[in-house]
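Right, one structure below, let's go through it.
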Amino acid sequence: MEEAQEFLQTGNSSGSGTGVVIESNIITFAEVSKHNNLKDCWLLINGKVYDVTKFLGDHPGGSEVLLKAT
């Protein structure tokens with residue numbers, strides 16, 4: 001259980017821009033938490049990591065909503 005809490009699988013790695021591509025396909029919580037600003041924003045959703053940086057300006061609630069979730 002500790003390992004499941006420490007490591008996360010990445011989201012879509014097909015290159016479509018919706019996921020984070022990483023060689024090992026495993027990202028730590030510590031790594032995700034570093035990506036928490038307007039120029040580099042990752043979210044953890046249902047055990048998958050998404051790079052939502054390009055969508056910050058398009059979110060109906062504004063970028064602040066997504067940044068609070070990081």
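Since every read-out is calculated from the coordinates, none of them should be taken as a lab result. Note that the structure is predicted; figures quoted are calculated from it, not measured. Reconstructed Cβ throughout: ideal geometry from the backbone, glycine too, with neighbour counts over all protein chains shown.
Here are some notes:
- Sorted largest first, extent of the stretch 29-68 alpha carbons per principal axis (Å): 26, 20, 16
- Summary of packing: across the peptides 26-38, 44-56, the per-residue average of other C-beta atoms within 10 Å ranks them, highest first, as 44-56, 26-38.
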